[in-house]
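Below: one structure, written as structure tokens.
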Amino acid sequence: MSTTTVVEGWTEQPLIRFVGQSSARLVVVMTPAGQVLAQHGFTRAVDLMSAAALGAAIMASSGALAQQVGEATFGALYHAGQRHGIHLAGCETPRGRLIVLTVFGKETSIGLVQVFFEEFVAALKAAAPVDEPRRPILAANFESELNNSLASLFRR
Amino acid sequence: MSDRLLRILDRISRVRGVRGSMYVAAEDGLAVAQLLMEDVNARALAAFAASLTRKVSGAAAATGSGRVRFVQMQAEQGVLLVAAGMHDLLVAVVADAGINVGLARLEMMRAVEQGQ
């Protein structure tokens, strides 16, 4: 059974709605550093952490590439596969910039994912607490933050 | 290519009541070419037209009805029409509820053939 789990509660309802509307198989909501705030569809922590790290790295490298060609950033990235598509995009919220990685199958389309992603971003912006800026994660407490996130996401 | 498709869509837009027409990539649900009034959400129209056609095609396959060529979704305030060709290209039209569907269908089927 696919599950939706969150580290920060305000992301839960927008994520559940996005998954229901877009029929996405896997979704990760994370910071640009790869810290996971919410996820849907992952059953193993190692898969989730890999996906988050790779997604954050892709966004960082494409952002650097964008700057080289004079763009502030690329809006979204789409990879089409034989059985799955990947949509990777950033958005600004009162809690800072977030990255959303969405993996979807043939039961939906990139067009539908794009349409509902716009609504998802609006819902995240509306739900994000404005009076509580996110703490920066320092190298010294990275491991404990990661363990806390995994414990929240996989109820360990 | 795009200019040619827009010229074809222009014929559809001349049918009274048409508020917008577009070529849509069936598999992706993305717009290929479009002629729309300002209040029509192109991205949503393309995505939902492709999704609707895919679901109707599933129903047609399940009932042994063969390939879907035309979909008409009548709503209170308007109508969504989709014509499907042999290949991965759809023609979608959003129009007023009172549109002459027969005439629109004729132009849309022509557009599908010419768009291949």
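Arranged by the count of other C-beta atoms within 10 angstrom, fewest first, what order do A:42, A:154 take? Write out the running numbers ahead of the final one.
Values: A:42 24, A:154 15.
Neighbour counts put them in this order, fewest first: A:154, A:42.
Calculation over all alpha carbon pairs of the range B:2-115 in 5 angstrom steps from 0 returns a P(r) of 2, 13, 25, 27, 20, 9, 3, 1 percent.
A simple spin-label model places the labels of residue A:71 and residue B:38 2.8 nm from each other, with each point 7 Å out along Cα-to-Cβ.
Roughly how many debye, to the nearest 20, is the charge dipole of chain A about its Cα centre, given +1 on each Lys and Arg Cβ, -1 on each Asp and Glu Cβ, and no other charges? Could the numbers behind the result be given before it?
Working: 12 positive and 12 negative charges, 71 e Å.
Here chain A has a charge dipole of around 340 debye.
Ordered by the number of other Cβ atoms lying within 10 Å of each residue's own Cβ, fewest first, B:10, A:131 fall into the sequence A:131, B:10. Counting alpha carbon pairs within less than 8 Å and at least 6 residues apart, what relative contact order, in whole percent, applies to chain B? Reported relative contact order: 28 percent. From least to most packed, judged by other beta carbons within 10 angstrom and beginning with the fewest, A:109, A:62, B:2 follow the order B:2, A:62, A:109. Translational diffusion coefficient of the protein assembly as shown (Stokes-Einstein, Kirkwood radius from Cα pairs, 4 °C, 1.567 mPa s): 63 µm²/s. Shielding value for A:102-114 is 5, the average number of Cβ atoms from other chains within 10 Å of each residue's Cβ.
Can you tell me how much longer the chain between residue B:103 and residue B:2 gets when fully stretched, taken as 0.36 nm per residue apart minus their C-alpha distance, in nm with one decimal? Provide the component values of the computation, followed by the final result.
Values: separation 101, 0.36 × 101 = 36.36 nm, distance 2.39 nm.
Extra length from residue B:103 to residue B:2 when fully extended: 34.0 nm.
The modelled label-to-label distance for the pair residue B:70/residue A:125, using points 7 Å beyond Cα in the direction of Cβ, is 4.2 nm.
Can you give me the relative contact order of chain A as a percent, contacts being Cα pairs under 8 Å and 6 or more apart?
Numbers: 245 pairs, mean separation 43.0, N = 156.
Relative contact order for chain A comes out at 28 percent.
First check a/c for chain A, with a ≥ b ≥ c the square roots of the eigenvalues of its C-alpha gyration tensor; if it is under 1.5, answer rounded, and if not, answer prolate when a/b is larger than b/c or oblate otherwise. Walk me through the numbers on the way to the answer.
Numbers: a/c = 1.34, a/b = 1.10, b/c = 1.22.
Here chain A falls in the rounded category.
Where a number appears in this text, it was derived from the coordinates with a stated rule and is not lab data. On a predicted model such as this, the values are computed, not experimentally measured, just so you know. Cβ coordinates were reconstructed from backbone atoms using ideal geometry, including for glycine residues, and neighbour counts include every protein chain displayed.
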